[in-house]
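J.: The structure that follows is given in the form of structure tokens.
The values are calculated or read from the model by the stated rules, or taken from the named source; none is laboratory data. Because the structure is a prediction, the values reported are computed rather than measured. Glycine gets a Cβ as well: all are built from the backbone with ideal geometry, and neighbour counts include every protein chain shown.
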């Protein structure tokens, strides 16, 4: 059985004994029921990982780790991909964040696009953003990544495209959405960064597709089938990694 993985942001390996957060302490001591001396792995969310042992808990009940030894973290994709995703309802958006993290995105941006049907009160404010960040952390722990993607606040599509001008930008569209859409295999491997856009349940509006094309975004189709919006994060990134062979 592999050692449990613990998330310790801002970890300084020079400190002899490092305290865990309340959430990680509860998970270690109450859920996993680990004891001092048990082996774990810790990662900082920025791409670094260590083996460690549990130390005796603090007086205030926080678990601690010690004897950190650096290990090679799981390799990240050579292209830094930001995933922009139309906001979906409830657990479906959680799935997008989970799969985007698992498939190697370095950043995830929720998009309140024209055809998003989720009420604003469901995604405005901090509650939804904090939940998505927790989902990203849990996914990184499960899949073995040492990097946790940044989850941006909901941002307009136009602003996201403007922020990524100069990098490769890709919008996945439905099979019949635009005659100029190309296959994934027609997109050359980016030098460093890419923006990958996937739509909400209602798809992209004609205006969004037209504006994206005018801004230099590549319109890409995935064949003759329409794929569920909550699956597109995993499907689109898997297709790109396979074609780019990275």
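Conditions tested, residue by residue: (1) in the same structural domain as residue 198 (by TED's automatic domain parsing); (2) touching a helix residue (DSSP H, G or I) at 6+ places or on another chain (Cβ under 9 Å).
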{"residue": "19", "(1), (2)": "no, yes"}
{"residue": "22", "(1), (2)": "no, no"}
{"residue": "28", "(1), (2)": "no, no"}
{"residue": "33", "(1), (2)": "no, no"}
{"residue": "37", "(1), (2)": "no, no"}
{"residue": "90", "(1), (2)": "yes, yes"}
{"residue": "93", "(1), (2)": "yes, yes"}
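J.: Within the bounds of segment 42-61, is there any residue that is touching a residue at least 12 places away in the same chain (Cβ under 8 Å), touching a helix residue (DSSP H, G or I) at 6+ places or on another chain (Cβ under 6 Å) and outside the structural domain of residue 141 (by TED's automatic domain parsing)?
T.: No, there is no match, as no residue in segment 42-61 is touching a residue at least 12 places away in the same chain (Cβ under 8 Å), touching a helix residue (DSSP H, G or I) at 6+ places or on another chain (Cβ under 6 Å) and outside the structural domain of residue 141 (by TED's automatic domain parsing).
J.: Tally the residues that are in a loop (DSSP other than H, G, I, E, B) and under 22 Å from the mean Cα position of the chain (by Cα), restricting the search to segment 108-124.
T.: Number satisfying all stated conditions: 5.
J.: Does at least one position in segment 4-26 carry a residue that is closer than 30 Å to residue 161 by Cα and either surrounded by fewer than 21 Cβ atoms within 10 Å (Cβ to Cβ) or modelled with pLDDT under 95 (or both)?
T.: Yes, because at least one residue in segment 4-26 is closer than 30 Å to residue 161 by Cα and either surrounded by fewer than 21 Cβ atoms within 10 Å (Cβ to Cβ) or modelled with pLDDT under 95 (or both).
J.: Additional query: When you scan segment 113-151, how many residues do you find that are touching a helix residue (DSSP H, G or I) at 6+ places or on another chain (Cβ under 7 Å) and more than 29 Å from residue 75 (Cβ to Cβ)?
T.: Adding up the residues that qualify gives 4.
J.: Tally the residues that are touching a strand residue (DSSP E or B) at 6+ places or on another chain (Cβ under 6 Å) and surrounded by fewer than 21 Cβ atoms within 10 Å (Cβ to Cβ), restricting the search to segment 97-112.
T.: Number of matching residues: 2.
J.: Sticking with this one: Among what's in segment 62-88 and is under 24 Å from residue 51 (Cα atoms) and touching a helix residue (DSSP H, G or I) at 6+ places or on another chain (Cβ under 6 Å), pick the residue that is surrounded by the fewest Cβ atoms within 10 Å (Cβ to Cβ).
T.: Taking the candidates together, the pick is 62.
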